[in-house]
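Have a look at the structure below before the remarks.
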Amino acid sequence: MSELEQHPADTAFHARLPIGERPDAAPLTDGLPWAFEEITMRPLEPMLVPEKPRGGEVDPESCSSCLPSEHTIWHDDLWQVRAGWDVGGLPFIGAISPREHWLLEDAPHEVLAAYGPLMQRISQAVKSIPGVARCHFARWNDGSAHLHLWALARPAGMMQGRGAVLAFWDGMLPAMPQEMGAEHIRIVAEALASGGGEAFPRT
Ligand SMILES: [Zn+2]
């Protein structure tokens with residue numbers, strides 16, 4: 001594939017940005033003082049377009065979310081949950097995606113409508129892990145084009161993990177023992193399967 005010809009985005013929004021300057025991190029240290037004390041931001045880099053294609057965007061045949069995976073812990077006809085790549089510091093992180101290669105932009109309403117009740121079930125399943133107070137959900141989709149969302153377990157009493165900052169704590173809390181991570185996956189997979197679909201617990 002030839003090298004992508006990129007140029008700086010030239011919208012009115014971009015024109016006013018201080019590219020090359022280092023943003024003040026006070027919104028993090030002042031706005032989330034329970035998590036951040038001292039942060040140095042990198043200077044703003046040029047924002048180039050068109051962006052490089054995401055995984056599975058040019059060639060859906062190579063989409064990792066479509067291929068079978070040992071990390072699938074549960075699925076039904078429309079949706080799948082994957083987890084257990086690296087054991088991190090949060091009690092559970094799972095990726096939720098349609099079984100078929102849909103983007104948010106073209107997913108059939110039948111698939112999207114099924115996500116609502118599933119989101120409720122995933123929250124309940126994750127909160128059934130001992131020591132978990134809440135299940136946070138996120139959808140970024142910058143790495144893979146295949147529609148996917150994240151479910152993250154917030155430890156009970158961890159007020160420093162409130163909100164979006166929870167995702168960063170996964171790398172900073174001590175990693176769980178492998179057996180604990182596998183047990184948490186089993187709990188979520190079996191709780192989901194009790195409401196339908198099939199669990200694939202780790203052995
Ligand atoms: Zn896909």
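The values are calculated or read from the model by the stated rules, or taken from the named source; none is laboratory data. What you see is a predicted model; the values in this text were computed from it and never measured. Glycine gets a Cβ as well: all are built from the backbone with ideal geometry, and neighbour counts include every protein chain shown.
Among the residues of the range 80-103, how many are part of a loop (DSSP other than H, G, I, E, B) and hydrophobic (A, V, I, L, M, F, W, C)? Even if it seems obvious, please write down each step before you answer.
First, the residues of the range 80-103 that are part of a loop (DSSP other than H, G, I, E, B): 84-92, 99-103.
Among the residues that remain, those that are also hydrophobic (A, V, I, L, M, F, W, C) are: 85, 87, 90, 92, 102-103.
Counting residues in the range 80-103 that are part of a loop (DSSP other than H, G, I, E, B) and hydrophobic (A, V, I, L, M, F, W, C) gives 6.
Assuming Ile73 fulfils every condition listed in (1) more than 20 Å from the chain's Cα centre (by Cα); (2) at pLDDT 95 or above apart from one, which condition is it?
Of the numbered conditions (1) more than 20 Å from the chain's Cα centre (by Cα); (2) at pLDDT 95 or above, the odd one out for Ile73 is (1).
Among what's in the range 76-119 and is aromatic (Phe, Trp, Tyr) and in contact with a His (Cβ under 7 Å, 6 or more places away or on another chain), pick the residue that is farthest from Gly56 (Cα to Cα). Give the steps one after another, and end with the answer.
Filtering the range 76-119 for residues aromatic (Phe, Trp, Tyr) gives 79, 85, 92, 102, 115.
When the remaining residues are screened for being in contact with a His (Cβ under 7 Å, 6 or more places away or on another chain), the result is 85, 92.
Details: Trp85: 19, Phe92: 26 Å.
Restricting to residues being aromatic (Phe, Trp, Tyr) and in contact with a His (Cβ under 7 Å, 6 or more places away or on another chain), the top hit is Phe92.
For the condition over 14 Å from Pro91 (Cα atoms), touching a Phe, Trp or Tyr at 6+ places or on another chain (Cβ under 7 Å) and in contact (Cβ under 8 Å) with a residue 12 or more places away in the chain, what is the one hit in Val111, Val165?
Val111
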